[in-house]
Amino acid sequence: MGMRKGGDYAQLFWAMFKTGVLGFGGGPSVIPLIRHEAVKNYNWIDNDEFGEILALANALPGPIATKMAAYLGYRRKKTLGATVAVLSHILPSALAMIVLMSVVQYLSSSQIVQGMIAGVIPVVAVMLGVMAYEFGEKAIKGLGKAFGIVLFAAAFVLLQLLDVHDAIVIALFLAYGAFHFKLVRKLQERKSKNEASGG
């Protein structure tokens, strides 16, 4: 039993350490890495639960990657697990910042570093695109094709054209999602009654 506990903490540390090391460009780029570790590699949660905690983490203040790490750690091993997961996730970045601050002037003008950054950006873009496609596909299945497209369009208008703050849009969609299936059920019942009375 003790070995299993050690294994859980070691898995949390290693999974979150990797996401901290490989994550580039802030929280959104780390999310596919965390999803890979939590859903595919260790099977801690399924894809649906990951989508739910991602939505909640987006709605809460603070860095999204650390909130995701804290949730996964807490879910596995309560408070100590959350502490291990968060510390192991932020440790690589903290250490890198301490080391690199002394040579930041050189690095900022280095063509090698600029080339490395330019080279990794397409990888991050593809990772985010794949994850967005998979979540979009899941949303279409859950909401239905027509209504899913309507909600995608509404989100685009609110976020890109009207420039509504992300947290407000997420809160609105969460609020709607809370009674979506009840609303669909009522509409289906009403449709069935109308068809029955018409027939």
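The values are calculated or read from the model by the stated rules, or taken from the named source; none is laboratory data. Please read all numbers here as calculations on a predicted model, not as lab measurements. Glycine also receives a Cβ, built like all others from the backbone with ideal geometry; neighbour counts cover every protein chain displayed. Ligands, DNA and RNA are excluded from the accessible area calculation, which covers all protein heavy atoms including side chains. Shrake-Rupley method; radii C 1.70, N 1.55, O 1.52, S 1.80 Å.
For region 108-127, name all the residues that are polar (S, T, N, Q), open to solvent by less than 90 Å² (accessible area, probe 1.4 Å) and either modelled with pLDDT of 80 or more or part of a helix (DSSP H, G or I) (or both).
Within region 108-127, 108, 109 qualify.
Return yes when residue 21 is farther than 22 Å from residue 123 by Cα and either assigned by TED's automatic domain parsing to the domain that holds residue 131 or crowded, with 20+ Cβ neighbours inside 10 Å (or both) and no when it is not. Can you show your working first?
Details: farther than 22 Å from residue 123 by Cα: no; either assigned by TED's automatic domain parsing to the domain that holds residue 131 or crowded, with 20+ Cβ neighbours inside 10 Å (or both): yes.
Answer is no for this residue.
Pairs are defined by a Cβ separation below 7 Å, a sequence spacing of at least 6 or placement on different chains, a first member in region 39-59 that is within 16 Å of residue 16 (Cα to Cα) and among the hydroxyl-bearing types (Ser, Thr, Tyr), and a second member that is open to solvent by less than 40 Å² (accessible area, probe 1.4 Å) and in a helix (DSSP H, G or I); the pairs so defined are 42/15.
From 130, 150, which residue is in contact with a helix residue (DSSP H, G or I) (Cβ under 9 Å, 6 or more places away or on another chain), open to solvent by 70 Å² or more (accessible area, probe 1.4 Å), modelled with pLDDT of 85 or more and outside the structural domain of residue 56 (by TED's automatic domain parsing)? Break it down stepwise before answering.
On the way: 130 fails: outside the structural domain of residue 56 (by TED's automatic domain parsing).
Criteria check complete, one pass: 150.
Evaluated against (1) surrounded by 11 or more Cβ atoms within 10 Å (Cβ to Cβ); (2) not assigned by TED's automatic domain parsing to the domain that holds residue 15, residue 90 falls short on exactly one condition, (2). Scanning region 158-167 for residues that are aliphatic (A, V, I, L, M) and surrounded by fewer than 12 Cβ atoms within 10 Å (Cβ to Cβ) gives 161, 162.
With the requirement that a residue be of a type in the set (D, E, K, R) and open to solvent by 70 Å² or more (accessible area, probe 1.4 Å), what does region 133-147 give you? 137, 138, 141, 145, listed by residue number.
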